[in-house]
Amino acid sequence: MRNYVKYTVQLSDFKPVSFKKVRWLNDDDYHYMNELWDMSYETWNEARNDGFTYCAVLEDNKIISVAAVWRYSQDKWEVAAVNTRENFENRGLAKMTVSCVADYILNQNRIPTLTTGEDNIPMRRVAEAVGFHLI
C-alpha cells in the first residue's frame with residue numbers, strides 16, 4: 001500500500017517561479033492531452049466536468065509539462081496531475097506549472113493543497129521549493 005503526504009501553502013509562504021511559459025488549456029486543446037496521455041475525448045470532458053482545469057508548457061506542439069487545478073471542495077483546491085515528459089526533467093518545468101496553479105488558486109481566495117506519494121521525492125522537492133509545507 002502506498003503512503004501519501006499532503007501539502008498546503010499560504011500566500012505569505014508562496015515562492016513562485018516565473019510561469020510565463022505556462023498557458024491554460026481550453027476546449028480546443030484536447031489533442032495535446034491525447035498525445036501526452038492517450039486521453040480519450042470522453043475522459044477529457046469528464047475531468048473538466050469533475051472540476052479539473054489544466055495548464056501546460058508546450059514545445060514543438062507537445063506538452064512537456066502539465067498540472068491541473070482540481071476544485072474538489074468549496075474552500076480547498078488541489079494542485080493535481082503534475083507531470084513532466086521524460087527527457088525534460090530537472091529544467092524547472094514542474095515548478096512553473098505548480099506555481100501557475102497555486103497562484104491561480106490563491107488568487108481565487110482558496111486554499112491550495114497538493115497530495116503526492118511519500119516516496120515521490122522529486123514532486124516533494126518541487127512542492128517545497130515553491131513554499132508548500134506538510135499538513
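The values are calculated or read from the model by the stated rules, or taken from the named source; none is laboratory data. Model, not experiment: these values are computed from the prediction. Cβ placement follows ideal geometry from the backbone for every residue including glycine, while neighbour counts extend to all protein chains displayed.
Here is the figure for region 114-135: residues that are part of a loop (DSSP other than H, G, I, E, B), touching a strand residue (DSSP E or B) at 6+ places or on another chain (Cβ under 8 Å) and free of Cβ contacts under 8 Å to residues at least 60 places away in the same chain total 0. Annotation: N34 fulfils all but one of (1) without any contact (Cβ under 8 Å) to a residue 40 or more places away in the chain; (2) of a type outside the set (V, I, T); (3) closer than 24 Å to P16 by Cβ; (4) part of a helix (DSSP H, G or I); the unmet one is (3). Could you tell me whether any residue of region 66-75 is touching a Leu at 6+ places or on another chain (Cβ under 8 Å) and closer than 18 Å to V130 by Cα? Yes, because at least one residue in region 66-75 is touching a Leu at 6+ places or on another chain (Cβ under 8 Å) and closer than 18 Å to V130 by Cα.
Does region 69-76 contain any residue that is at pLDDT 95 or above and farther than 20 Å from V5 by Cα?
yes
Taking region 75-84, which residues are over 20 Å from S18 (Cβ atoms) and in contact with a helix residue (DSSP H, G or I) (Cβ under 7 Å, 6 or more places away or on another chain)? Passing the criteria: only W77. Taken over region 1-28, the criterion of being out of contact with any Gly (no Cβ under 8 Å at 6 or more places or on another chain) and in a helix (DSSP H, G or I) is satisfied by L11, S12, D27, D28. Can we say C55 is touching a Lys or Arg at 6+ places or on another chain (Cβ under 8 Å) and at pLDDT 95 or above? In short, yes. Tell me which residues, restricted to region 82-113, are over 11 Å from A67 (Cα atoms), touching a residue at least 12 places away in the same chain (Cβ under 8 Å) and not in a helix (DSSP H, G or I). Selection gives R85, F88, E89, G92, Q108, R110, I111, P112, T113.
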